[in-house]
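Structure, as structure tokens:
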Amino acid sequence: MERVRPGSAGELRIAPSVLSADFGSLANAVQAVDGETDWLHVDVMDGHFVPNLTIGPPVVKSLRPYSQKFFDCHLMMTEPGRYLDAFAKAGADGCTVHVEIGGTRELLLQCRELGMRVGLAANPDTPFSAVEPFLEEIDLLLLMTVFPGFGGQSFIGDVMSKVTEAREAVTRRGLNVDIEVDGGIDTTTAPIAANHGANVFVAGNAIFGQSDPLRAAADLRRAIAK
């Protein structure tokens, strides 16, 4: 079966985060929400850039046979350049690196040369001016709505002004760049982010933390579409 393409920039997409799924039955958890989701978001933490340690290329590789969704890998790492090739070979469709670690242009080019979709992320306290110079070199801008490291945190509403700045800049320049939000996203906060210009919504506990994850994903989609 052919993998799902990322779709046109600007389309509304639900991207459940496997960080909140049951790691003892990860393939089943991913397949259970397949019918109501668009991408699969994979949070990769190295224990250095953020105070948590999660998964890497082997887990991406093991999941790949169980899902044809677009694998959206968020690399919260101090040295992502050492692992981009491994993620590409494991089956990642796109990788997002953080602007805060530096060497941004080289990392974006490396990701592009590996044939993956290119993403750039910014923490809540990082100004839009830090990512704006790279807008024409990326496919996705991830604006964190919590400080990365752990799931289940509360949505930081102050980031919405940055989402608005990003959407206005992308529209003004006529760029095909998705704007993604991640952190505290649920049926209440996702519509707020959508109204400010976000179009890709990463949800962990709001989907995998519910008794019926498939229904939760459908509820999230309906809330955003209103």
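FYI, it's all coordinate maths here, none of it is from the lab. A quick note: this is a predicted structure, and the numbers were derived from the prediction, not measured. Backbone-built Cβ (ideal geometry, glycine too); neighbour counts: all protein chains shown.
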Checklist outcome for this item: Taking N as the residue count of the chain, its alpha carbon Rg divided by 2.2 N^0.38 Å gives 0.91
Item to check | Span from the the range 106-162 Cα centroid across to the the range 46-68 one, whole angstrom | outcome: 18
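How would Glu168, Glu36 line up from fewest to most surrounding beta-carbon atoms within 10 angstrom?
Fewest-to-most Cβ neighbours within 10 Å comes out as Glu168, Glu36.
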Checklist outcome for this item: Taking every other residue with Cβ under 12 Å from the Cβ of Ile156 and scoring Lys and Arg +1, Asp and Glu -1, one gets -2
